[in-house]
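Take a look at the structure set out below.
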Amino acid sequence: MERLTGIGVSPGVVLGRAVVLTQRTEVMRFPIPPDRVEREVAALHQAQADSRQQLQDIRGRLNQGRGSELAALFDAQLLMLDDPMLVGRAEAIVRGERVNAAWAVHRAYEELYLVFMSMEDPYLRERENDVADVAGRLRLNLRHGAKGPKELLSQIDGPSVLIADELTASVAAQLDWSRVQAFATDAGSRTYHTAILARSLKVPAIVGLHDASIRIAAGTPVVLDGTTGELVVAPTPEQIDDAHRRAARPRRAAISQNEIGPVSTTDGVRIRLEANIELLEDLPFLNAHGAEGVGLYRSEFMLSGRSLDAATEDAQYAIYRSLIEQVAPRPVTIRTFDLDERQFSTPQGPERRRTRPGLRGLRLGLANPEVLRTQLRALVRASAHGPLRIMFPFVSAVEEVRQARAILNDVMRELGVDATARQIKVGAMIEVPSAAIAADLLAPEVDFFTIGTNDLIQFCLAVDRTDDRVSDLYEPLHPAVLRLIRTVRRAASHRKIPVSLCGEMASDPALVGLLVGLGLTEFSMTPGAIPIVRQVVQELNAADARKLAGHVLTLATAAEIEQYLFDALAASAIQRSPSS
Ligand code: PEP
Ligand code: MG
């Protein structure tokens, strides 16, 4: 037995088995029952075979085309894929520790990373990037076999307590909180935000446990007391009895995953919930969670590991058509490629993240008009099969939208499509501060806005999320960010064009009230988050939310805003609870 003490931020006692999530690496670690070990190992080998096939395909294409010098890079990746220190080691971890394969791949990668980092030769040290790519590819292929954290957690028997290094809202929103009945985090720095999240979800929680996610083995029984901030690891039989007596009744019934149709606040404000998707394989989740359409299809994901040459007009048309047909009569918003220069010229691994400013998104499309034109042709052809909205990413000025629309008009003429009859809507992503500040000037140029808070926050606050030294400054609740959102919403209302929000903020159950209070009524998010956001909306009063947002906008710091949201949530919980 071991007793860890942190800060209790959401009251209640829960007894359950630990599920450990290490989110900084975006990989979940969870225990698997003995009878699943063989299946997990088989999934690992299948992912290895899929990855090999993909890498061979890429190499084959590069050998034929202009990038033959790049082919050697993929030869090196193929060798790594068969290195016993990666997949072989991962298999040993799955068997030895009885954990999921994706986690085992991550662990094996971390061990290899240390080996590479200790090498003297800078060229060899650099090869670490290739290992990261190969491990990323394996995990992506495993993901497609195994689905998301929700599906994985559903295989754990009985109630569980989530132990995480930190818990971002987007992951929190996707967990099944009828199974995960409480959570504890190592991080204490974002106490208020995590606390607001816990209270919005109505689950007991502790923060500030420092290294619990490393110390506690997945599957260990724990007792979490969100009132005192105590976490008892491997409790004695007496402590288990005591916990049973004090245990909070499960507060949240399983959320109906199948609830679909329109959702409104308690005072009748209609809120539209759509899904962000990256791959056609995500579509079943969209339907299962009742999304009202696709608010963001990140088209560049179709290129994962492939060169742009592979994305011919016909290949793209087939994908867009299938997407539109499967989602119709609901609308699909397809974003044109949001690539940066490096991704544009070199096929990337599946998990490469874009963070840089520069020649990216629509700017890159305009600099390479043939690529943009090919994509627009495929989109216009596909629009014959259902309602389509075309969205341009990384817009920073009116001229860019005008140029892009001119190309679109050309394409329509070429294809003999009557723009009015076809009713394709054209929108701009508002994710560069200049576009947000001048949203009133952009609004007359487009049919809709979509606010991309992921990029908007980082460029507004000049924070690179991947740089540990400043990533703490990435703060959705910074007053400047909230003001930008309000500015965009007002510009859209003035011009009477729809505006939705599709960044991670949209799937944060702790922020929905504030965003509705700022006047937003359309959100697009990872499909798994829709049920919990729907539930929060159904319990929300829009008039109260507007008052809350009005006050929030008078506050000077993110910390004051968090504190205010936390207090407001505690007060509304007291009002709602009949026993207090
Ligand atoms: C955003 O920037 O908020 C967004 C949704 O786009 P992405 O995350 O794909 O950059
Ligand atoms: Mg973006």
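So that you can scan it fast, the table gives a plain yes or no per residue for (1) surrounded by 19 or more Cβ atoms within 10 Å (Cβ to Cβ); (2) in a strand (DSSP E or B); (3) of a type in the set (Val, Ile, Thr); (4) in contact with a helix residue (DSSP H, G or I) (Cβ under 8 Å, 6 or more places away or on another chain):
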position	(1), (2), (3), (4)
Leu175	yes, no, no, yes
Ser178	no, no, no, no
Ala182	yes, yes, no, no
Ile196	yes, no, yes, yes
Ser200	yes, no, no, yes
His210	no, no, no, no
Ser213	yes, no, no, no
Val223	yes, yes, yes, yes
Thr228	no, no, yes, no
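When Leu359 is tested against (1) within 30 Å of Leu540 (Cα to Cα); (2) within 16 Å of ligand 1 (Cβ to nearest atom), just one condition goes unmet, and that condition is (1). Pairs meeting the criteria (first residue in the stretch 417-433 and closer than 27 Å to Ile485 by Cβ, second residue among the basic types (Lys, Arg) and within 12 Å of ligand 2 (Cβ to nearest atom), beta carbons under 8 Å, at least 6 apart or on different chains) are Met429/Arg335.
Contact annotation: residue pairs with Cβ atoms under 9 Å, 6 or more positions apart or on different chains, pairing a residue in the stretch 276-305 that is farther than 27 Å from Leu55 by Cβ and in contact (Cβ under 8 Å) with a residue 24 or more places away in the chain with a partner that is more than 16 Å from ligand 1 (Cβ to nearest atom) and assigned to a strand (DSSP E or B), are Gly290/Val263; Glu292/Val263; Glu292/Arg272; Gly293/Arg272; Gly295/Arg272. Summed over the stretch 389-432, the residues that are away from ligand 2 (no atom under 16 Å from the Cβ), on the phi < 0 side of the Ramachandran plot and in a loop (DSSP other than H, G, I, E, B) give a count of 4.
Only residues that are within 16 Å of ligand 2 (Cβ to nearest atom), open to solvent by less than 10 Å² (accessible area, probe 1.4 Å) and touching a residue at least 60 places away in the same chain (Cβ under 8 Å) were counted in the stretch 506-539, giving 4.
Among what's in the stretch 400-416 and is of a type outside the set (A, V, I, L, M) and either touching a residue at least 24 places away in the same chain (Cβ under 8 Å) or touching a strand residue (DSSP E or B) at 6+ places or on another chain (Cβ under 8 Å) (or both), pick the residue that is nearest to ligand 1 (Cβ to nearest atom).
Step by step, filter the stretch 400-416, then rank; the result is Glu400.
Residue count for the stretch 417-444 satisfying the condition of being of a type outside the set (A, V, I, L, M), within 16 Å of ligand 1 (Cβ to nearest atom) and in contact with a strand residue (DSSP E or B) (Cβ under 9 Å, 6 or more places away or on another chain): 2. Can you find a residue in the stretch 12-35 that is within 22 Å of Gly158 (Cα to Cα) and of a type in the set (Asp, Glu)? So far as the stretch 12-35 goes, yes, one or more of its residues are within 22 Å of Gly158 (Cα to Cα) and of a type in the set (Asp, Glu). Evaluating Ala436 against the criteria (1) closer than 16 Å to Arg363 by Cβ; (2) over 21 Å from the mean Cα position of the chain (by Cα); (3) within 16 Å of ligand 2 (Cβ to nearest atom) leaves one unmet condition, (1). For the stretch 2-23, indicate whether the set of residues that are in a loop (DSSP other than H, G, I, E, B), under 30 Å from Arg245 (Cα atoms), modelled with pLDDT of 90 or more and not assigned by TED's automatic domain parsing to the domain that holds Ala311 is non-empty. Yes: one or more hits. Among the conditions (1) open to solvent by 10 Å² or more (accessible area, probe 1.4 Å); (2) charged (D, E, K, R); (3) modelled with pLDDT of 95 or more, Glu431 misses just one, which is (1).
The residues in the stretch 94-131 that are within 20 Å of Pro31 (Cβ to Cβ) and open to solvent by 50 Å² or more (accessible area, probe 1.4 Å) can be counted, and the count is 6.
In the set Arg402, Arg389, Arg422, only one residue is closer than 25 Å to Met505 by Cβ, open to solvent by 10 Å² or more (accessible area, probe 1.4 Å) and among the basic types (Lys, Arg); that residue is Arg389. Can you pull out every residue in the stretch 10-53 that is in contact with a Pro (Cβ under 9 Å, 6 or more places away or on another chain) and open to solvent by less than 30 Å² (accessible area, probe 1.4 Å)? Listed by number, the residues that qualify are Ser10, Gly12, Val13, Val14, Gly16, Ala18, Val19, Val20, Leu21, Met28, Phe30.
Being touching a helix residue (DSSP H, G or I) at 6+ places or on another chain (Cβ under 7 Å), modelled with pLDDT under 95 and either within 13 Å of ligand 2 (Cβ to nearest atom) or not assigned by TED's automatic domain parsing to the domain that holds Gln53 (or both): is that true of Ser322 here? So Ser322 fails the test.
Residue count for the stretch 453-500 satisfying the condition of being within 16 Å of ligand 2 (Cβ to nearest atom), open to solvent by less than 50 Å² (accessible area, probe 1.4 Å) and farther than 23 Å from Ala556 by Cα: 2. Among the helices (runs of 4 or more DSSP H) confined wholly to the stretch 270-348, which include 2 or more residues that are open to solvent by less than 10 Å² (accessible area, probe 1.4 Å)? Qualifying helices (runs of 4 or more DSSP H): 283-288, 313-327. One residue stands out in the stretch 365-386 among those that are open to solvent by less than 30 Å² (accessible area, probe 1.4 Å) and either in contact with a strand residue (DSSP E or B) (Cβ under 8 Å, 6 or more places away or on another chain) or within 14 Å of Ile319 (Cβ to Cβ) (or both): the one that is nearest to ligand 2 (Cβ to nearest atom), namely Gly365.
Yes/no per residue for (1) in contact with a Leu (Cβ under 6 Å, 6 or more places away or on another chain); (2) not hydrophobic (A, V, I, L, M, F, W, C):
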{"position": "Gly88", "(1), (2)": "no, yes"}
{"position": "Arg98", "(1), (2)": "no, yes"}
{"position": "Ala101", "(1), (2)": "yes, no"}
{"position": "Val105", "(1), (2)": "yes, no"}
{"position": "Val115", "(1), (2)": "no, no"}
{"position": "Met119", "(1), (2)": "no, no"}
{"position": "Arg125", "(1), (2)": "no, yes"}
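In the stretch 445-473, the residues that are within 14 Å of ligand 1 (Cβ to nearest atom) form Cβ pairs under 7 Å with partners that are of a type in the set (Phe, Trp, Tyr) and open to solvent by less than 50 Å² (accessible area, probe 1.4 Å), at six or more places apart or across chains, as follows: Ile457/Tyr474; Gln458/Tyr474; Leu461/Tyr474; Val463/Tyr474; Arg465/Tyr474.
The values are calculated or read from the model by the stated rules, or taken from the named source; none is laboratory data. The shown structure was predicted, so the numbers you read here are calculated from the model rather than taken from an experiment. Don't worry about glycine lacking a Cβ; one is built from the backbone with ideal geometry, like all the others, and counts go over all protein chains shown. Only protein heavy atoms, including side chains, enter the accessible area calculation; ligands, DNA and RNA are left aside. Shrake-Rupley method; radii C 1.70, N 1.55, O 1.52, S 1.80 Å.
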